[in-house]
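Student: Sharing a structure, written as structure tokens. Questions coming.
The values are calculated or read from the model by the stated rules, or taken from the named source; none is laboratory data. Bear in mind the structure is a predicted one, so any value in this text is a computation, not a measurement. Counting neighbours? That spans all protein chains shown, and the Cβs are built from the backbone with ideal geometry, glycine included. Accessible surface is based on the protein model in full, side chains and every heavy atom, while ligands, DNA and RNA are left aside. Shrake-Rupley method; radii C 1.70, N 1.55, O 1.52, S 1.80 Å.
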Amino acid sequence: MFCYLIGAGPGDPGLITCKGLDALSRADVIVYDYLASDILLSHARPDAEKIYVGKIAGNHAMSQEDINALLVQKAKEGKIVARLKGGDPYIFGRGGEEGRALYDNGVPFCEVPGISSTIAGPAYAGIPLTDRTAASSVTIITGHEDPTKPDSVHNWDALAKSASTLVFVMGMKNLPDISKNLIKAGMDPKTPAALVYWGTMPNQRSLNATIEELPEAAIREGFKNPSVIVVGHVVSLRDKLNWNEKRPLFGKTVVVTRSREQASDMVAMLMSLGARVIQFPTITIEPMDSYEILDNAIQKIDDFDWIIFTSVNGVQHFAKRLRAAGKDCRVLYKAKIAAIGPVTRKEVEKLGVIPDFVPETYVAESVAEGLCQFDIKGKNILIPRALESREVLPEVLEKAGAKVTIAPTYRTVKAMANKDELMEALEADQVDCISFASSSTVRNFMECIESNTLKKATNVKFASIGPITTATLKEYGYQAEIEPKDFTIPALLAEITKFFADDIDVNAPYYQSLLKLAK
């Protein structure tokens with residue numbers, strides 16, 4: 001029986017603390033708010049119960065009193081509960097109320113601080129809340145005060161005349177009154193001010209104005225909650241320090257169709273480049289119902305002259321069955337090893353084995369062509385691969401006289417997670433790019449998405465990892481505008497970045513790092 005009150009941070013999933021992730025991984029039950037992303041929830045145990053309680057302004061799926069009762073109930077069932085809250089639980093987050101409810105009911109708990117939107121939002125917009133030249137203190141204020149009340153809880157005179165940076169949260173409705181009260185109390189109407197909407201998120205927006213002009217600017221530019229209001233001379237630093245909105249894919253929405261098991265690195269790279277990522281895994285990787293063929297091959301591993309790995313998943317599942325048989329990479333000493341590309345090669349190298357052959361282009365045809373240059377006639381070749389794979393490689397090898405054993409190591413199953421989010425974005429024509437890393441992701445995607453919806457999304461560009469996937473797109477009547485020369489995920493990301501970024505600096509560190517990873 002225990003409850004963690006965890007601050008998830010302001011929206012960017014990378015801003016949660018290590019302790020917060022550790023608590024999530026331990027929890028039996030996760031009670032989460034609107035700001036808790038799928039990426040954070042992926043750190044939960046597969047068997048953990050997940051309960052959504054809403055908690056976004058104007059739309060509460062559950063009242064605070066009911067949330068308090070739920071935390072107590074689940075904890076008293078002997079479970080470890082993780083209460084995942086946006087920002088920091090104790091900064092305008094009502095975490096103190098939840099903590100008191102737990103205390104009053106004898107439930108032990110701890111609070112795991114999170115990064116507050118009051119700090120992170122301005123920081124991502126290039127506004128440091130303190131600066132030696134502009135401000136030496138910060139005042140954080142609720143803007144949710146009823147303006148019709150006869151007496152304000154705020155000391156407007158003190159706020160207006162201090163040298164402190166003022167940060168108002170939940171204040172967009174009352175922005176005209178905030179501006180009026182500060183100026184009436186003596187603040188210079190020309191004092192710099194700013195708005196930061198959805199700070200730290202890919203759809204972040206920000207603007208500068210004076211405190212006098214800010215209410216009108218907010219209406220003109222369509223700003224609404226959740227926005228942080230910043231008042232003070234630190235705002236003038238935004239032009240030089242606004243790093244986030246200058247990232248090459250900032251403001252772009254990219255759909256990733258790879259399985260969750262494979263997509264984490266790709267998602268992380270896209271987010272680091274500033275993109276909004278919609279994860280729509282069209283396939284999921286699942287174990288085989290039977291490993292009889294693979295297990296038999298492992299027992300006779302000395303009989304094989306070549307072992308060909310065509311994917312990272314193939315390597316990983318082969319390694320698991322190797323360990324299940326009480327063996328390790330030492331039993332592979334007689335066989336030569338081939339890997340379809342650099343990413344698969346790196347996975348093979350994790351086993352302590354250096355591949356003997358990696359083709360220059362990373363498709364099955366190239367593997368087959370390259371191996372045929374070796375003396376493979378009469379050779380025994382093992383291909384641990386997905387149950388559903390193209391037959392090009394084994395057919396070419398068999399025609400060259402090799403004896404091929406295909407050992408299914410995993411299977412791919414159609415999936416449709418996050419369809420509502422994707423459909424909403426497509427219908428609003430807010431998707432800039434849909435990326436495909438295999439033909440199966442194309443086929444499953446097209447079967448899941450209504451063709452009329454996709455055709456109406458005129459803004460969408462298609463990114464394909466290589467010619468085989470591009471050909472599959474053409475079968476459905478679509479053209480891949482983006483295709484890398486090297487058929488790897490880093491190369492695909494580099495090409496997406498080059499396509500969308502304005503005046504991209506090909507010598508920039510982020511771009512060069514992608515190219516380096518692609519090799």
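Student: For residue 379, give me every one of the lysines with a C-alpha distance below 23 angstrom, ignoring sequence neighbours fewer than eight places off in its own chain.
Tutor: Output for residue 379: 300, 334, 336, 399, 403.
Student: Would you mind getting me the FRET efficiency between residue 131 and residue 224? Use the beta-carbon distance for r and R0 = 25 Å, nearest 0.05.
Tutor: 0.30
Student: Right, another one. Using the crude model of +1 on Lys and Arg Cβ and -1 on Asp and Glu Cβ, and no other charge, please compute the dipole size for the chain relative to its Cα centre, in debye to 20.
Tutor: 800
Student: Around residue 480, which amide H atoms from residues at least 5 apart in sequence, or from another chain, sit under 5 Å from its own amide H, with H modelled in the peptide plane?
Tutor: none
Student: What angle, in degrees between 0 and 90 and rounded to the nearest 10, separates the Cα long axis of helix 64-76 from the longest principal axis of the Cα atoms of the chain?
Tutor: Value to nearest ten degrees: 50.
Student: For the chain, what is the relative contact order in percent, using Cα pairs closer than 8 Å and at least 6 residues apart in sequence?
Tutor: Result for the chain is 10 percent.
Student: Using a cut-off of 16 Å between alpha-carbon atoms, which lysines can reach residue 455, once sequence neighbours fewer than 8 places away in the same chain are excluded?
Tutor: 474
Student: A further question on this structure: Name the residue from 404, 257, 494 whose Cα lies farthest towards the positive end of the charge dipole of the chain, charges +1 on Cβ of Lys and Arg and -1 on Cβ of Asp and Glu.
Tutor: Farthest along the dipole direction, towards plus: 404.
Student: Something else about it: Let's test the formula: R0 of 25 Å, r as the Cβ-Cβ distance of residue 320 and residue 38. What FRET efficiency results, to the nearest 0.05?
Tutor: FRET efficiency, residue 320 to residue 38: 0.45.
Student: As an exercise, find the ratio Rg/Rh for region 1-157 from alpha-carbon atoms, using the Kirkwood inverse-distance average for Rh.
Tutor: 1.02
Student: Using label points projected 7 Å from each Cα along Cα→Cβ, tell me how many nm separate residue 173 and residue 144, to one decimal.
Tutor: 1.0
Student: Counting only residues 5 or more places away or on other chains, whose amide H sits under 5 Å from the amide H of residue 404 once H atoms are built in the peptide plane?
Tutor: 381
Student: With a 1.4 Å probe and all protein chains kept in place, how do 70, 473, 237 rank by accessible area, largest first?
Tutor: Accessible-area ranking of 70, 473, 237, largest first: 237, 70, 473.
Student: In terms of modelled amide H atoms, which long-range or inter-chain residues lie less than 5 Å from the amide H of residue 30?
Tutor: Here 49, 50, 51, 82 satisfy the definition.
Student: What does the convex hull of the Cα atoms come to per residue for region 326-479, in Å³?
Tutor: Given the Cα convex hull of region 326-479, per-residue volume reads 142 Å³.
Student: Next question. Between residue 296 and residue 103, what is the label-to-label distance in nm when each label sits 7 Å out along the Cα-to-Cβ direction?
Tutor: 6.7
Student: Now for a separate question. Fully extended, how many nm does the chain gain between residue 49 and residue 264 (0.36 nm per residue separation, minus their Cα-Cα distance)?
Tutor: Result: 75.2 nm gained on full extension.
Student: Then there's this: Rounded to whole Hz and in sequence order, give me ³J(HN,Hα) for region 178-187 from the Karplus expression 6.51 cos²θ - 1.76 cosθ + 1.60, θ = phi - 60°, writing x for Gly and Pro.
Tutor: 3J(HN,Hα) across region 178-187, in whole Hz: 4, 4, 4, 5, 5, 5, 4, 7, x, 6.
Student: If you build the Cα gyration tensor of region 392-499 and take the root of 5 times each eigenvalue, what three semi-axes come out, in whole angstrom, biggest first?
Tutor: 30, 17, 12
Student: Another question, then. Report, in whole Å, the centroid distance computed from the Cα atoms of region 304-373 and region 84-122.
Tutor: Region 304-373 and region 84-122 have Cα centres spaced 49 Å from each other.
Student: If I take R0 = 41 Å and measure r between the Cβ atoms of residue 350 and residue 1 in this structure, what FRET efficiency does the formula 1/(1 + (r/R0)^6) give, to the nearest 0.05?
Tutor: 0.55
Student: For region 74-190, take N as its residue count and report Rg(C-alpha) divided by 2.2 N^0.38 Å.
Tutor: 1.35
Student: Enumerate the lysines that residue 173 could reach by cross-link, defined here as Cα to Cα under 17 Å, with residues fewer than 8 away along the same chain left out.
Tutor: Straight-distance partners of residue 173: 149, 224.
Student: If you filter region 1-97 for GluC sites (Glu not before Pro), then keep DSSP loop positions with at most 12 other Cβ within 10 Å, what is left?
Tutor: 77
Student: Output needed for region 231-385: three equivalent-ellipsoid semi-axes, defined as square roots of 5 times the C-alpha gyration tensor eigenvalues, in descending order, whole Å.
Tutor: Semi-axes (√(5λ), whole Å): 43, 18, 14.
Student: Here's a follow-up. Magnitude of the Cβ-charge dipole of region 1-56, K/R +1 and D/E -1, about the Cα centre, nearest 20 debye?
Tutor: 100
Student: Taking every pair of distinct Cα atoms and averaging 1/r, then inverting, what Kirkwood hydrodynamic radius in Å comes out for the chain?
Tutor: Over the chain, the inverse of the mean reciprocal pair distance is 26.2 Å.
Student: Which whole-Hz ³J(HN,Hα) couplings does region 310-322 yield from phi under the Karplus relation 6.51 cos²θ - 1.76 cosθ + 1.60, θ = phi - 60°, glycine and proline marked x?
Tutor: Working through the residues one at a time gives 10, 6, 4, 4, x, 5, 4, 6, 4, 4, 4, 5, 4 Hz.
Student: Of the listed peptides 179-186, 485-492, what is their order by residue-averaged count of other C-beta atoms within 10 Å, with the highest listed first?
Tutor: The peptides rank, most packed first, as 485-492, 179-186.
Student: Once the mean 1/r over all distinct Cα pairs of region 273-339 is inverted, what Kirkwood radius in angstroms do you read off?
Tutor: 14.1
Student: With Rg and the Kirkwood Rh both taken from Cα atoms, where does Rg over Rh land for region 416-468?
Tutor: Looking at region 416-468, the ratio lands at 0.95.
Student: Can you give me the solvent accessible area of residue 421 with a 1.4 Å probe, rounded to the nearest 10 Å²?
Tutor: 70
Student: Could you derive backbone 3J(HN,Hα) for region 323-335 from the dihedral phi with the Karplus parameters 6.51, -1.76 and 1.60 (θ = phi - 60°), listing whole Hz in sequence and x where the residue is Gly or Pro?
Tutor: Result, rounded to whole Hz: 5, 4, 8, x, 10, 9, 5, 4, 6, 8, 5, 7, 8.
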